[in-house]
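What follows draws every value from the coordinates through simple rules; no lab data is involved. It should be emphasised that the depicted structure is a prediction, and the values quoted were computed from it without experimental measurement. Cβ placement follows ideal geometry from the backbone for every residue including glycine, while neighbour counts extend to all protein chains displayed.
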Amino acid sequence: MDINQITLDNKFKLIEASAGTGKSFTLAHIVLRNVLEKKVKPDEILLLSFTKNTCSELRDKILKRFQNLKLYLQSHNESNIDNTLKNWYLNFKDKDKSKEKIISEIDNFINQFYKLKVTTFHAFCNNIIDEYSIE
């Protein structure tokens with residue numbers, strides 16, 4: 001399946017597959033596409049998983065994906081970029097968006113990365129209970 005063909009329609013996405021099949025890769029790419037194509041801000045994204053370790057790895061993969069695209073745009077060095085990301089950029093750049101504008105949007109995302117909510121289901125539910133315990 002080509003991740004670049006997934007429609008970004010602001011509906012919930014569920015990615016379910018066996019271990020090692022690229023779920024985190026897919027999520028990281030969907031986050032990048034939503035931020036750069038749909039102008040979604042980090043504080044508008046919620047990613048849930050079952051373990052703290054998975055959440056930590058997912059955060060790292062998302063950040064690395066943005067950094068790799070920025071590095072590619074600055075140097076056109078293809079050693080750190082995969083075909084999915086390269087193909088996405090080659091199609092996306094045709095939509096009247098300059099390289100400098102994309103780099104600026106990447107920098108804005110990285111500066112607000114701490115607002116990205118990647119948490120476990122358990123922590124998310126605990127947060128809701130804590131926040132709305134009076135209600």
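Relative to the longest principal axis of the Cα atoms of the chain, helix 83-92 runs at roughly 70 degrees. In a fully extended conformation the segment linking Glu44 and Asn77 would gain 8.7 nm over its present Cα-Cα distance, using 0.36 nm per residue. Potential lengthening of the chain between Thr120 and Lys64 amounts to 18.1 nm, from the contour at 0.36 nm per residue minus the alpha-carbon distance.
Highest mean first, what order results for 117-125, 13-21 on Cβ atoms within 10 Å? Kindly include the intermediate steps, with their values, before the conclusion.
Numbers: 117-125: 14.6, 13-21: 8.4.
Packing order, densest peptide first, comes out as 117-125, 13-21.
Working ranking of peptides 26-38, 77-89 by packing, defined as the average number of other Cβ atoms within 10 Å per residue, highest first, is 26-38, 77-89. Across the stretch 123-128, computed HN-Hα scalar couplings (Karplus, 6.51 cos²θ - 1.76 cosθ + 1.60, θ = phi - 60°) run 5, 5, 5, 4, 5, 5 Hz from first to last residue, x flagging Gly and Pro.
Taking each of Lys52/Lys93; Lys52/Lys99; Lys52/Lys101; Lys11/Lys70 in turn, the alpha-carbon distance tops 31 angstrom for Lys52/Lys93; Lys52/Lys99; Lys52/Lys101.
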